[in-house]
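The values are calculated or read from the model by the stated rules, or taken from the named source; none is laboratory data. Owing to the predicted nature of the structure, the values given are computational and were not obtained by experimental measurement. When we count neighbours, we look across all protein chains shown, and the Cβ atoms used for this are built from the backbone with ideal geometry, even at glycine.
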Amino acid sequence: MTNMILVTGATGTIGRHVVRLLAAQNEPVRAMMRDISRAPRLPGVESVTADFDDPASLARAADGVDSVFLLTVPASPTPTQDLAMLDAARKAGVTRLVRLSAIGTGERDDTGATVGVWHGQADDAVRDSGMPWTVLRPSVFASNVLWWTDAISNGQPVPNVTGTATQGIVDPRDVAAVAVAALTSPGHNERTYTLTGPELLSVADQAAVLERVLGRSIPTVDLSLESAKEQMLSHGQSPAVVDASLIGMGWARAGHNAILTDDVARVLGRPPGSFESWAQDHRDLLS
Ligand SMILES: NC(=O)c1ccc[n+]([C@@H]2O[C@H](COP(=O)([O-])OP(=O)(O)OC[C@H]3O[C@@H](n4cnc5c(N)ncnc54)[C@H](OP(=O)(O)O)[C@@H]3O)[C@@H](O)[C@H]2O)c1
């Protein structure tokens, strides 16, 4: 038994840290991506090309694997890809699944619409899979502010779709560290962790932190959900993805994501990193 761990989304925000941390622990890792030229260059890490839309490639990726870190592609408002990966994992005899879900999954917004329907369906499929599982439901990633980089460098205000609402911004490195703990240590089976940072921050609070870290003015501009919808559609996102995203944004804007938990500290045995420490470590990428 090698306990080979397949990391899907290995080139993404969370997956690349999962690969890095597993490699640092000398765990056998197979990093999955669509383009091999993006393979992580880390000693001891195997790389495999596979696409969630190509079941044969998933079967090859899962062959000989014991554990899977399962990521859902952000622009995928159906659980089809998760179900394909679960099928490949089951056929390969996988004995541990860790799925990256999202905070708020299954909650209702103020109109009665359900947040994260596709995440909820995939979480249910993981729980019903017969394979031991852990579900991670992180809050908003600190790294989302990298979407502001152009506005910051051009001296323009950064968009704010959540008004004065606060959220428990989480460091992606902590999300990855919890995933690694769930993949490699006992005690996480049939657990759903809600992962947050140490403090509740509004977009204006985040801009103020970045002002301190970067030493420049970072104004914000309020963006209504309707304007956000128009912008997303004009950027070519599908109506289904836009509608799903807006439900989550409306839920957060109404203040329902003002949630802090101690799940990161309980799993890692240390407090979660702050937004400011994340910003300090990534100041070169932000300006
Ligand atoms: N951003 C947030 O604040 C936040 C908060 C909570 C939860 N989440 C959840 O986190 C997840 C996104 O995680 P992330 O930010 O780490 O992802 P990400 O940085 O957007 O990366 C997406 C990954 O998916 C891979 N991918 C895309 N299409 C693929 C396909 N057809 N087949 C196989 N792989 C494919 C990409 O690999 P290649 O393109 O290299 O092949 C990449 O590694 C989403 O489910 C989101 O709902 C996000």
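Descriptive notes on the structure:
- Only a single criterion out of (1) out of contact with any helix residue (DSSP H, G or I) (no Cβ under 6 Å at 6 or more places or on another chain); (2) surrounded by 22 or more Cβ atoms within 10 Å (Cβ to Cβ) is not satisfied by Ser202, namely (2).
- Output for segment 21-47, where each listed residue is in contact (Cβ under 8 Å) with a residue 60 or more places away in the chain and surrounded by fewer than 17 Cβ atoms within 10 Å (Cβ to Cβ): Gln25
- Test: residue in segment 10-30 that is more than 17 Å from the chain's Cα centre (by Cα), of a type in the set (Lys, Arg) and under 18 Å from Ala244 (Cβ atoms): no
- Enumeration of residues in segment 31-49 that are near the ligand (Cβ under 10 Å from one of its atoms), within 11 Å of Arg16 (Cα to Cα) and in a loop (DSSP other than H, G, I, E, B): Ala39
- Residue satisfying all of: in segment 153-176; among the aliphatic types (A, V, I, L, M) and buried (at least 21 other Cβ atoms within 10 Å of the Cβ); nearest to Val29 (Cα to Cα) among these: Ala176
- Verdict on Pro271 being at pLDDT 95 or above and not hydroxyl-bearing (Ser, Thr, Tyr): yes
- Of the criteria (1) within 10 Å of the ligand (Cβ to nearest atom); (2) part of a helix (DSSP H, G or I), which one Leu136 fails: (2)
- Among the residues here, Thr149 qualifies as among the hydroxyl-bearing types (Ser, Thr, Tyr), touching a residue at least 60 places away in the same chain (Cβ under 8 Å) and either within 16 Å of the ligand (Cβ to nearest atom) or not in a loop (DSSP other than H, G, I, E, B) (or both).
- Close contacts from segment 197-209, counting a first residue that is more than 14 Å from Ser139 (Cβ to Cβ) and a second that is assigned to a helix (DSSP H, G or I), with Cβ to Cβ under 8 Å and a gap of 6+ residues or different chains, come to Val209/Phe275; Val209/Glu276; Val209/Ala279.
- Qualifying residue in segment 89-108 (condition: more than 14 Å from the ligand (Cβ to nearest atom) and within 26 Å of Met249 (Cβ to Cβ)): yes
- Test: residue in segment 115-122 that is buried (at least 21 other Cβ atoms within 10 Å of the Cβ), modelled with pLDDT under 95, near the ligand (Cβ under 9 Å from one of its atoms) and part of a loop (DSSP other than H, G, I, E, B): yes
Let's see how each residue does on (1) in contact (Cβ under 8 Å) with a residue 40 or more places away in the chain; (2) out of contact with any Cys (no Cβ under 7 Å at 6 or more places or on another chain); (3) under 25 Å from Ala244 (Cα atoms); (4) aliphatic (A, V, I, L, M):
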| residue | (1), (2), (3), (4) |
| --- | --- |
| Pro55 | no, yes, no, no |
| Val73 | yes, yes, yes, yes |
| Pro77 | yes, yes, yes, no |
| Met85 | yes, yes, yes, yes |
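- Filter pass, Gly130 being within 13 Å of the ligand (Cβ to nearest atom) and on the phi > 0 side of the Ramachandran plot: no
- Picking from residues in segment 230-287 that are free of Cβ contacts under 8 Å to residues at least 12 places away in the same chain and outside any helix (DSSP H, G or I), the one that is surrounded by the most Cβ atoms within 10 Å (Cβ to Cβ) is Asp262.
- Qualifying residue in segment 6-21 (condition: within 25 Å of Pro186 (Cβ to Cβ), more than 10 Å from the ligand (Cβ to nearest atom) and among the small types (Gly, Ala, Ser)): no
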